[in-house]
1. Do we find a residue being farther than 29 Å from A:Lys98 by Cα, assigned to a strand (DSSP E or B), at pLDDT 95 or above and under 17 Å from the mean Cα position of the chain (by Cα) anywhere in segment B:66-81?
2. Given the structure, is A:Leu132 among the aliphatic types (A, V, I, L, M), more than 10 Å from chain B (Cβ to nearest Cβ) and part of a loop (DSSP other than H, G, I, E, B)?
3. For segment B:156-206, name all the residues that are outside any helix (DSSP H, G or I), within 7 Å of chain A (Cβ to nearest Cβ) and touching a helix residue (DSSP H, G or I) at 6+ places or on another chain (Cβ under 6 Å).
4. Looking at B:Met209 and the list (1) in a loop (DSSP other than H, G, I, E, B); (2) modelled with pLDDT under 95, which single condition is not satisfied?
5. Would you mind telling me which numbered condition in (1) within 14 Å of chain A (Cβ to nearest Cβ); (2) touching a residue at least 12 places away in the same chain (Cβ under 8 Å); (3) of a type in the set (D, E, K, R) B:Arg144 fails?
6. Output the number of residues of segment B:38-65 satisfying the condition of being within 20 Å of B:Ala158 (Cβ to Cβ) and in a loop (DSSP other than H, G, I, E, B).
7. Could we say that B:Lys18 is farther than 26 Å from B:Asp122 by Cα and touching a residue at least 60 places away in the same chain (Cβ under 8 Å) here?
8. Please find, among A:Leu95, A:Leu62, the residue that is within 14 Å of chain B (Cβ to nearest Cβ) and under 18 Å from the mean Cα position of the chain (by Cα).
There are 2 protein chains.
Amino acid sequence: MKIAILGTGAVGQTLGAKFLELGHDVFMGSRTTDNENLLGWKEKTGGKIGTFDQAANDSEILFNCTNGVNSLDALALIDKSNLQGKILVDLANELEFKDGKLKSLASSDNSLVQKIQNAYPDSKVIKTFNTLNVHLMVNPGALRGAHNVFLSGDDENAKSIVSGLIIELGWEEANIVDLGVIETAVGPEMFMAFWVTLFASGKFGDNAMYNINIVK
Amino acid sequence: MKIAILGTGAVGQTLGAKFLELGHDVFMGSRTTDNENLLGWKEKTGGKIGTFDQAANDSEILFNCTNGVNSLDALALIDKSNLQGKILVDLANELEFKDGKLKSLASSDNSLVQKIQNAYPDSKVIKTFNTLNVHLMVNPGALRGAHNVFLSGDDENAKSIVSGLIIELGWEEANIVDLGVIETAVGPEMFMAFWVTLFASGKFGDNAMYNINIVK
């Protein structure tokens, strides 16, 4: 598939490299085209690079890997026609830290991804992967035992395409939990406050290599 | 131990009955002493009943099992001297539902239990058990495989006493995760938004008999 990776941080770099490895056509977009991460990623992987808008223009499916507090601003740099009708997968978290402590989730009654879907009603917006470390996104087998990934979105066909990509990344279908419509993403977004307290407890290692399994 | 159960809903009734079974001295408190749940619980279990204040006066350790949106009002009915120096275990969630959908967590930067600790600085406040169904609190073996319960609180000795009670209820010590100081409880409180979306997805049964296991 023609995949746009929006954002050049660890999530975008790792996920983009893995999609290239899997044989997809990956275009990484950034605010500016002279940014070091972007140039370094191209050199390392051979993937295509450019602006957010160029990446979107080149792709059928977009992964928002920007920092959640900047995501709406980043998406606004894309010509709307380049988002129209496309699948937009949002992996971001809109968390605010003060003094090294989690002080608030920027939005508690209106998830980031809901705001994105509202801003781009003609895009098929899906929330997934915001609940775990990127190294687990691309290598779920790194943990012992089953653990889950979650999906929210209004478009069933888009969800099924995104599920397919998640399975390509190494996930078992049985561990992908479809929570329902996009509104349900408030759950996994607020979960991040919990994830952060787990990390800060020091009980789960320094590398954030942990995830949850729903036991029933 | 002399245990006060504040609140007469399913959580208070089930937990209070279990603590009686385990040989503790349990006093259930309510806003009014003619409430049906309270009288029914006394008839069924033989436990002591009375007002919130009478329950607190009679006990060394209090379990707040009131609805989180009313908890501060309920605690305000207790004479402060009856809370002074005692362990106050908060199990509540301050969630607001509109039209059957989760719309907000009443507090995202200041957890309910933090507000309780601030209001009663001389009490040893502990957050636990807010992340799961009461039937799992008293019967963790009902699920197949390990799953976790979380603790937050500033007083180490109080946490160790509460851990001891959790173990009496059937939990393995290895599955009790001490997250740290009371501030960390914002994590498990915000987790509830996620718990609710899991429940609403219909993927985990109608009886809310599920919990999470942290896999690392």
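The values are calculated or read from the model by the stated rules, or taken from the named source; none is laboratory data. All of these numbers come straight from a predicted model, not from anything done at the bench. Note that we place each Cβ from the backbone using ideal geometry, even for glycine, and neighbour counts take in every protein chain shown.
1. No, segment B:66-81 has no match at all.
2. yes
3. Result: B:Leu179, B:Phe204.
4. Result: B:Met209 passes all but (2).
5. Evaluating B:Arg144 over (1) within 14 Å of chain A (Cβ to nearest Cβ); (2) touching a residue at least 12 places away in the same chain (Cβ under 8 Å); (3) of a type in the set (D, E, K, R) leaves (2) as the failure.
6. Residues that pass the stated criteria total 4.
7. Yes.
8. On the way: A:Leu62 fails: within 14 Å of chain B (Cβ to nearest Cβ).
Of the residues listed, the single one that is within 14 Å of chain B (Cβ to nearest Cβ) and under 18 Å from the mean Cα position of the chain (by Cα) is A:Leu95.
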